[in-house]
Amino acid sequence: QVQLVESGGGLVQTGGSLRLSCAASGRTFSTYAMGWFRQAPGKEREFVAAISPSGGTYYTSPGKGRFTISRDNARNTVALQMNSLKPEDTAVYYCAGTPADSASYYYTEQYEYDDWGQGTQVTVSS
């Protein structure tokens, strides 16, 4: 339903910061719940953060306290600000979206998302 394109990945040192962005197409973006997932080499894809259409957010332990998800519905974008990066944050980061059941809903499981971006590589050196 929407096309998603991530950008902003790159190589940073431990303790550094990156801001990932996800550009979405379509007028339905404002009704979509959005999320960020990541997949490190040899590991399963894992949930990072989610945001509801109304802006409510949810994080799990890997990025909680260091990462911030945000959205700008006027520009059809979602961002993931990543601070205090660690080598274990090295992964391909994926933006995902799905129509939300209500404005306050967000989702944490891969199967709950309909649309995915191509991924952007984040590498944290030590």
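The values are calculated or read from the model by the stated rules, or taken from the named source; none is laboratory data. Given the structure is predicted, the values throughout are model-derived calculations rather than measurements. Virtual Cβ from ideal backbone geometry, glycine too; neighbours counted across all protein chains shown. These accessible areas exclude ligands, DNA and RNA; they are computed on the full protein's heavy atoms, side chains included. Shrake-Rupley method; radii C 1.70, N 1.55, O 1.52, S 1.80 Å.
Things worth noting here:
- Calculated FRET efficiency, Lys86 to Glu112, Cβ-Cβ distance, R0 = 25 Å: about 0.40 to the nearest 0.05.
- The string of couplings for the stretch 64-78 from the Karplus curve (6.51, -1.76, 1.60, θ = phi - 60°) is 4, x, 10, 10, 9, 9, 8, 9, 10, 5, 5, 10, 6, 10, 10 Hz, one whole number per residue in order, with x for Gly and Pro.
- Largest first and in whole Å, the equivalent-ellipsoid semi-axes of the chain read 23, 14, 13, each the square root of five times a Cα gyration tensor eigenvalue.
- Annotation for the stretch 1-80: GluC sites (Glu not before Pro) lying in DSSP loop with at most 10 further Cβ atoms inside 10 Å of their Cβ are Glu44.
- At a probe radius of 1.4 angstrom, the accessible area of the chain per residue rounds to 50 square angstrom.
- Table column - 3J(HN,Hα) (Hz), the stretch 36-52, Karplus curve with 6.51, -1.76, 1.60, x for Gly and Pro: 10, 10, 9, 9, 8, x, x, 10, 6, 5, 10, 6, 10, 7, 9, 9, 7
- Restricting the stretch 81-112 to GluC sites (Glu not before Pro) in coil, as DSSP defines it, with at most 11 other Cβ within 10 Å: Glu109
- Most mobile of Arg45, Arg75, Arg19 in a GNM of the chain (Cα contacts under 10 Å): Arg75
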